[in-house]
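The values are calculated or read from the model by the stated rules, or taken from the named source; none is laboratory data. Here the structure is a predicted model, which is why all the values come from computation and not from measurement. Cβ coordinates were reconstructed from backbone atoms using ideal geometry, including for glycine residues, and neighbour counts include every protein chain displayed. With ligands, DNA and RNA removed, areas are computed over all heavy atoms of the protein, side chains included. Shrake-Rupley method; radii C 1.70, N 1.55, O 1.52, S 1.80 Å.
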Amino acid sequence: MENTEQNETPKQDPKLTVGDEVKQFYKGDFKNIFTTVFTNPIQGIYELLEKPSEKAYKQSLILFASIFFLYLVGSYIIVGEARKYMEFSNFIKISIVPVIMMFVITCLSFVIKSLSGKPNFKNELLTGGICGIPLGLLIPIFLVIKIMASERDLMRLINNPMGAGVFATMIFFYLILMLINVFQQSLKSSGTKDAMAWYLSPAAILLAFYVTFKISKGLL
């Protein structure tokens, strides 16, 4: 009599759907990444980027997609009654802008690291993905302002963020510093010298803003 246990083929785990992977990410990994950005912005981000997990590529894509949908829904709510005069394609274009910024940051990180080593572009997407977290904070900030301020003040802030008062300027200043820090830790995690990373990071983020502005100007 044959041993049925030996003939049994091992059961394979069912392949996760995209929805399942997104749920798993937000139930576990996202909390770790999010809290690291704010509670351990130096060593924590460095460790995330120095030894990215096997899921880093998928995590990056989820972050990119999440920022797109956050801006899509958020911008639709923020514009209020003005949405009657806008086409849905306009909201899609607005939502693409932060994704462009994240991708430009990814490319700049990849190019700089290519000068001294052999980076993996898929892993570099995590640098852009983490930068999406401070970019994503703009939406809840605008939503709070929408509740607390007048429609006119909100539109003035959207049109000229740096000229909307000391408090708003400080918020945007800190968001820019967060982007610079993520980029800096990314460079340092690949072995770039501290001094070089310190000088290159602000320049790269400013260049990313400039490139994004040029691309978005033609898009919008």
Considering only residues that are open to solvent by less than 60 Å² (accessible area, probe 1.4 Å), in contact with a helix residue (DSSP H, G or I) (Cβ under 7 Å, 6 or more places away or on another chain) and aromatic (Phe, Trp, Tyr), which ones fall in the stretch 25-55?
25, 46
Within the stretch 56-74, the residues that are open to solvent by less than 10 Å² (accessible area, probe 1.4 Å) and over 30 Å from residue 197 (Cβ atoms) are 74
Is the stretch 129-151 home to any residue that is closer than 18 Å to residue 95 by Cα, at pLDDT 80 or above and not in a helix (DSSP H, G or I)?
yes
Tell me the residue from 141, 94, 77 that is under 21 Å from the mean Cα position of the chain (by Cα), surrounded by 20 or more Cβ atoms within 10 Å (Cβ to Cβ) and of a type outside the set (D, E, K, R), please.
94
So, in the stretch 62-94, how many residues would count as being in a helix (DSSP H, G or I) and over 16 Å from residue 129 (Cβ atoms)?
20
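Give 47, 2, 21 a once-over and let me know the one that is modelled with pLDDT under 90 and part of a helix (DSSP H, G or I).
The conditions single out 21.
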Residues that are at pLDDT below 90 and surrounded by 14 or more Cβ atoms within 10 Å (Cβ to Cβ), drawn from the stretch 189-215:
190, 192
Filtered residues of the stretch 152-184 (kept if open to solvent by less than 90 Å² (accessible area, probe 1.4 Å), modelled with pLDDT under 75 and in contact with a Phe, Trp or Tyr (Cβ under 8 Å, 6 or more places away or on another chain)):
154, 157, 158, 161
Would you please list the contacts, defined by Cβ atoms under 9 Å and residues six or more apart or on different chains, that run from a residue in the stretch 11-22 that is more than 14 Å from residue 59 (Cα to Cα) and surrounded by 10 or more Cβ atoms within 10 Å (Cβ to Cβ) to a residue that is at pLDDT below 60 and of a type in the set (A, V, I, L, M)?
none
Tell me yes or no: at least one residue of the stretch 100-111 is more than 15 Å from the chain's Cα centre (by Cα), modelled with pLDDT of 90 or more and part of a helix (DSSP H, G or I).
yes
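A quick yes/no check of all residues on (1) aromatic (Phe, Trp, Tyr); (2) over 14 Å from the mean Cα position of the chain (by Cα):
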| site | (1), (2) |
| --- | --- |
| 43 | no, yes |
| 46 | yes, yes |
| 50 | no, yes |
| 57 | yes, no |
| 62 | no, no |
